[in-house]
Every structure is written in structure tokens, then in C-alpha cells.
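**Student:** The structure that follows is given in the form of C-alpha cells.
We did not get these values from a lab; they are worked out from the coordinates using the rules stated. Computed from a predicted structure; not experimentally measured. Glycine also receives a Cβ, built like all others from the backbone with ideal geometry; neighbour counts cover every protein chain displayed.
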């Protein structure tokens with residue numbers, strides 16, 4: 001009986017610590033991903049043609065319920081530069097995974113600031129393919145599920161791209177980008 005009294009709180013504590021560590025790892029992945037997302041957009045050969053509203057590159061940060069998290073990741077994404085190839089960036093935020101406001105004004109890229117549910121993930125993959133948009137997720141397993149790009153955390157952190165989705169989206173990346181990129185082939 002004494003062992004059970006000791007084990008139950010220990011098990012509860014380990015679940016809490018495990019959850020905190022998982023949240024920290026997810027946050028680290030998201031922050032690293034925000035920087036790599038800029039490299040993805042810069043590597044898109046046609047990014048200069050994907051402008052809206054007064055010749056700006058529209059970049060959407062999609063979140064579920066934490067707009068502040070999305071804003072912090074956008075700040076990391078922007079860094080000191082507010083443009084790509086000399087074209088100003090226009091960063092917007094949305095929690096609408098249907099992307100209803102982005103049918104005519106198509107972003108050049110979408111960054112997932114929080115992991116979407118499975119239905120939203122499938123919808124975002126379709127949207128990216130249909131509209132030739134880089135959909136980027138720093139979350140583990142999303143590239144394998146069809147998201148255009150993300151990051152691979154191995155001996156080093158590097159870009160990760162779904163070659164099938166990239167091809168279906170008719171997005172061409174600079175060849176040099178592939179020298180440092182992990183490629184997922186289905």
C-alpha cells in the first residue's frame with residue numbers, strides 16, 4: 001500500500017514534467033521554424049510574382065487560439081528584414097482554417113503557429129496545392145501528412161520539404177536550397 005501512495009504522485013509528476021518538456025520542445029521547434037520559413041519563401045523562384053495589395057508579399061500566420069504566440073513567431077520570422085528580394089512583407093494573422101478571407105488575396109506562404117486538427121491539416125494541404133502556396137509547419141509529422149515544408153531536427157536543424165506536395169503545388173525552389181534540405185518522398 002505504501003508503494004502505491006508513492007508511485008501515484010510520482011507518476012502524476014512525471015506526466016506533468018513530460019508535458020512541460022513537450023511544450024518546450026514544440027515551442028523551440030516553432031521558433032526555429034519561423035526563421036527557416038523565411039528561407040523557404042526566399043527560395044521560391046516565383047515569390048516575386050506572388051504579390052498582393054500594392055506589390056507586397058502576403059504572409060499568413062495561422063493559429064488556433066493563441067494570437068500572441070502567432071505574433072511572437074511573426075516577429076521572429078521578420079527579424080530585422082521586412083522584405084524578401086526587396087519586396088515588402090505584409091504579415092497577417094487568422095484563426096480561420098477555412099481561409100475564407102484568402103480566396104482572392106492569396107498569401108505567398110502560410111505558417112502554422114499552432115498544430116491544426118486532422119481535418120484542418122488536410123484542408124490546408126489542399127489549399128496550398130490549389131493556390132501554389134508554401135504551407136509551412138514546424139510540428140512533427142505534418143510534412144509527412146502533406147504540408148509543403150517544415151523542419152527536420154536531427155544532428156542539426158534543417159529545412160524539410162514534402163516533394164510530392166511541392167510538385168503538386170507547382171512551386172519551384174532554388175536548386176541550392178535542396179543542398180541543405182531533407183526531402184520527404186511518398
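**Student:** With everything on Cα atoms, drop me the angle between helix 67-78 and the longest principal axis of the chain, reported from 0 to 90° to the nearest 10.
**Tutor:** Taking Cα atoms only, the helix is inclined about 50 degrees.
**Student:** Now for a different question. Helix 2-43 sits at what angle to the longest principal axis of the chain, using alpha carbons and giving 0 to 90 degrees rounded to 10?
**Tutor:** 10
**Student:** Which value in nm describes the separation of the simple spin-label points at residue 183 and residue 26, placed 7 Å from the Cα toward the beta carbon?
**Tutor:** 3.2
**Student:** Highest mean first, what order results for 143-149, 60-66 on Cβ atoms within 10 Å?
**Tutor:** Ranking the peptides 143-149, 60-66 by packing returns 143-149, 60-66.
**Student:** Using mean Cβ contacts within 10 Å as the protection proxy, how do 40-48, 108-116, 94-102 order, highest first?
**Tutor:** Averaged packing, sorted descending, gives the order 108-116, 40-48, 94-102.
**Student:** What ranking do 155-163, 129-137 get when scored by the average of other Cβ atoms within 10 Å per residue, highest first?
**Tutor:** Listed from highest to lowest mean packing, they are 129-137, 155-163.
**Student:** How large, in Å, is the chain by the Kirkwood hydrodynamic radius built from its alpha-carbon pairs?
**Tutor:** It is 17.2 Å.
**Student:** Can you give the % of DSSP beta bridges in the stretch 2-184 that are antiparallel, to the nearest 5?
**Tutor:** 35
**Student:** Let me ask another. Relative contact order, percent, of the chain when contacts are C-alpha pairs under 8 Å separated by at least 6 residues? Write out the running numbers ahead of the final one.
**Tutor:** On the way: 295 pairs, mean separation 40.0, N = 186.
Dividing the mean separation by the residue count of the chain yields 22 percent.
**Student:** Still on this structure, I have one more. Mean residue ellipticity at 222 nm from the helices of the chain, using -39,500 (n - 2.57) per DSSP H segment of n ≥ 4 over the full residue count, to the nearest 500 deg cm²/dmol?
**Tutor:** It comes out at -14000 deg cm²/dmol, rounded to the nearest 500.
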